[in-house]
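For reference, the structure is listed below as structure tokens.
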Amino acid sequence: MKEIMIILALQLVYVPIVTLRTMMMVKGESRMASILGTVDVFIYVTALGVVLKNPSMVGIITYALGFGVGITIGSFIERKLAIGHHLVQIHVGEHPDELMEKLKEQGFGLTLYKGEGLSGERHRIDVLAPRHRVKELKACVHTLEPKAFLIVLEPVDFQGGFMKEDDRFIRR
């Protein structure tokens, strides 16, 4: 029973670390990814060693279940950390003066585009926002433009422009 608990505990630590390592690699955070990779291999070898020391169906099932639950935990942690940025495209019909002013007041940088849609002139506002502020941005848009169409994209890389952090503008 002790080995089963060790296997489960190791998996519940190991798999979230693997999930976070993968996310760090995707986001270009190679130093953090390499640190997490070192830890994840250490735990992986340890957990696999415990399973293979006394192979049993219960141990293998525990290992597999721990893996599945670990993915859920890792995904939850990654969402809470909200590392990186999202590009939010806000599509509205009428000229969005009030919305743009409110977004600027809240510290969001934006770019406005005009275009033609199925029902006439449309406007698109692009906002590059830190992931931890996207929910706030969406709530603001919904309050002022409830019929707005939003698309959230995850940019892999960007340079130039202005980002607001800690109430000071930083040239990127």
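Key figures
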{"item": "Extreme residue, modelled with the highest pLDDT, among residues of segment 64-110 that are of a type in the set (S, T, N, Q) and within 21 Å of A47 (Cβ to Cβ)", "result": "T72"}
{"item": "Residues of segment 111-162 that turn out to be under 29 Å from K80 (Cβ atoms) and not in a strand (DSSP E or B), as a count", "result": "24"}
{"item": "Any chance V15 is of a type in the set (A, V, I, L, M), over 30 Å from C140 (Cβ atoms) and modelled with pLDDT under 90", "result": "no"}
{"item": "Helices (runs of 4 or more DSSP H) enclosed by segment 1-110 - at least 3 residues per element that are more than 22 Å from I151 (Cα to Cα) and open to solvent by less than 50 Å² (accessible area, probe 1.4 Å)", "result": "2-26, 30-53, 57-81"}
{"item": "Members of segment 38-52 found to be farther than 19 Å from K2 by Cβ and either of a type in the set (F, W, Y) or in contact (Cβ under 8 Å) with a residue 12 or more places away in the chain (or both), listed by number", "result": "V39, D40, F42, Y44"}
{"item": "Pairs, first within 16 Å of A9 (Cβ to Cβ) in segment 63-77, second among the small types (G, A, S) and surrounded by 15 or more Cβ atoms within 10 Å (Cβ to Cβ), C-beta under 6 Å, six or more apart", "result": "none"}
{"item": "Segment 131-144: number of residues that are open to solvent by 50 Å² or more (accessible area, probe 1.4 Å) and touching a residue at least 24 places away in the same chain (Cβ under 8 Å)", "result": "4"}
{"item": "Selected residue (criterion: nearest to V156 (Cα to Cα)) from residues of segment 111-128 that are modelled with pLDDT under 90 and open to solvent by less than 40 Å² (accessible area, probe 1.4 Å)", "result": "G117"}
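The values are calculated or read from the model by the stated rules, or taken from the named source; none is laboratory data. Since the structure is predicted, the reported quantities are computational estimates derived from the model, not experimental observations. Positions of Cβ are generated from backbone atoms using ideal geometry, with glycine treated the same way; all protein chains shown enter the neighbour counts. Side chains are part of the model used for accessible areas, which takes the heavy atoms of the whole protein and leaves out ligands, DNA and RNA. Shrake-Rupley method; radii C 1.70, N 1.55, O 1.52, S 1.80 Å.
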